[in-house]
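Asker: I'd like to ask you about the structure that follows.
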Amino acid sequence: MDSGGTDIIWNQFILAAALTRTARRVLERRSEDAEYNARFSYADTHAGGGILPRPAAMAALLARRDQFKSRTWFDAAQAGETHPGSWVLAGRLVHALGGLDFEADVNDIDVAVIEGAKANREAGWVRFWSHDWFSFLRHRFILEPRPDFVFIDPPPDDPRGPGYAMDAAILLDTLDTPYMVAYPVDAPGGAKPQTVIDQIGRSGLELRGAGLERGVLLGGGAETVVLDILADLRTLAEMLGGELSVRLPSPPADDYTI
């Protein structure tokens, strides 16, 4: 987490909006006279322990929540001394909708982190993994049902840069699986964000400013929420001391006619 936890706030605000939109679609497919709740399956490649230190900016943001159209993240984050990690947040969001049973597969390569995470389950059914993140995804998609939403959030100092996201995003788009990928705008090495976004063909929602520089990419159907939250993202970026920048895929260098 960077100074003040602005990366956590940026990622989670977008995650809350995209995951809630996806969960509502799953709920809409449930028959009105169904005897049981529909199942919502969530997968998190870099889950962590589920509980985080409270970001420094949270109190100020909560005090100004009435300036936002989308407030699902504020409702799920709540006030307190600690802050929910991504998979705990996801469980709260799905539980708040009602009519859905939350199931999660959460992965972290640090076995000690996963052991500690087991005490932080709040609702629903959670299965814990400790694998390389891409191996985790590969094994998870062998199982049924497939995830309804996947969150990929490697650490900012990953030496591969955002290039790690390319194969996973293309795979998830092919499978029509909604997903979110977080990435550093200024990667220490590896593929650059523009190269990856050109390959994937999705736009990046970036928080730009000194010490900020975080981006999020949505796909697999999750990108449909972008237009609904753009105004909120501009407001959020200003409150965090930065600005919103939308990174678009570059047009192809050559035109092909078939």
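Asker: With springs connecting C-alpha atoms under 10 Å apart, model the chain as a Gaussian network and identify which of 143, 61, 15 has the largest mean-square fluctuation.
Answerer: Residue with maximal mean-square fluctuation among 143, 61, 15: 143.
Asker: Taking Cα centroids, how far is the stretch 83-98 from the stretch 115-148 in Å?
Answerer: Using only Cα atoms to place each centre, the spacing works out to 15 Å.
Asker: Calculate, for residue 167 and residue 130, the FRET efficiency according to 1/(1 + (r/R0)^6) with r their C-beta to C-beta distance and R0 22 Å; round to the nearest 0.05.
Answerer: Computed FRET efficiency for residue 167 and residue 130: 0.55.
Asker: So how compact is the chain: Cα radius of gyration and Dmax in angstrom?
Answerer: Considering the chain through its Cα atoms, Rg and Dmax are 17.7, 59 Å.
Asker: Same structure, new question: Taking only protein heavy atoms into account and a 1.4 Å probe, give the accessible area per residue of the chain in Å².
Answerer: Ligands and nucleic acids excluded, the result is 47 Å² per residue.
Asker: Still on this model: Calculate, axis by axis, the spread of Cα positions in the stretch 69-127 along the three principal axes, and write the results as whole Å, longest axis first.
Answerer: If we take the Cα atoms of the stretch 69-127, the spans are 38, 28, 16 Å.
Asker: Let me ask something else. If the elastic network links every pair of Cα atoms under 10 Å, which of 151, 102, 141 fluctuates the most in the Gaussian network model of the chain?
Answerer: Comparing 151, 102, 141 in the GNM, the peak value goes to 141.
Asker: Just the number, please: Stokes-Einstein D of the stretch 195-245 in µm²/s, Kirkwood Rh from C-alpha pairs, 20 °C, 1.002 mPa s.
Answerer: Calculated translational D: 185 µm²/s.
Asker: Sticking with this one: Applying 1/(1 + (r/R0)^6) with R0 = 25 Å to the Cβ-Cβ distance of residue 56 and residue 235, what FRET efficiency is obtained, to the nearest 0.05?
Answerer: E(calc), rounded to 0.05, equals 0.85.
Asker: If you don't mind, another one. For the chain, which whole-number percentage of the solvent-accessible area (1.4 Å probe, protein heavy atoms only) is attributable to carbon and sulfur atoms? Display every interim value, and only then the final one.
Answerer: On the way: 6190 of 12180 Å².
Carbon and sulfur: 51 percent of the exposed surface of the chain.
Asker: While we're on this one: For the chain, set up a Gaussian network in which alpha carbons nearer than 10 Å are linked by springs, and say which option among 163, 124, 91 fluctuates the most.
Answerer: Among 163, 124, 91, the largest mean-square fluctuation in the Gaussian network model of the chain belongs to 124.
Asker: With each label point set 7 Å from Cα along the Cα-Cβ vector, what nm distance links residue 115 and residue 37?
Answerer: 3.1
Asker: Determine the distance separating the Cα centre of the stretch 35-50 from the Cα centre of the stretch 162-222; give it in Å without decimals.
Answerer: Taking the Cα centre of each part, the stretch 35-50 and the stretch 162-222 sit 21 Å apart.
Asker: Right, something else. Please report, to two decimal places, log10 I(q)/I(0) for the stretch 99-232 at q = 0.15, 0.18, 0.20 Å⁻¹ as given by the Debye formula with identical point scatterers on the Cα atoms and no solvent.
Answerer: Debye curve over Cα of the stretch 99-232, log10 I(q)/I(0) at q = 0.15, 0.18, 0.20 Å⁻¹: -0.82, -1.14, -1.31.
Asker: Using a Förster distance of 22 angstrom, determine the FRET efficiency expected from the C-beta separation of residue 28 and residue 228, and round it to 0.05.
Answerer: Working: r = 17 Å, r/R0 = 0.75.
Approximately 0.85, to the nearest 0.05.
Asker: Quick one: length gained pulling residue 75 to residue 141 fully straight, 0.36 nm per residue minus the C-alpha distance?
Answerer: Value of the extension gain: 20.7 nm.
Asker: With a bin width of 10 angstrom, please list the P(r) values of the stretch 1-131 as percents of all Cα-Cα pairs, from the 0 bin to the one holding the largest distance.
Answerer: Result, from short to long distances: 12, 41, 34, 12, 1 percent.
Asker: As a test of the formula, what do you get for the chain when each DSSP H run with n ≥ 4 contributes -39,500 (n - 2.57) and the sum is divided by the residue count, at 222 nm and rounded to the nearest 500 deg cm²/dmol?
Answerer: It lands at -11000 deg cm²/dmol.
The values are calculated or read from the model by the stated rules, or taken from the named source; none is laboratory data. Model, not experiment: these values are computed from the prediction. Glycine gets a Cβ as well: all are built from the backbone with ideal geometry, and neighbour counts include every protein chain shown. To get the accessible areas, we keep the full protein, side chains included, count just its heavy atoms, and leave off ligands, DNA and RNA. Shrake-Rupley method; radii C 1.70, N 1.55, O 1.52, S 1.80 Å.
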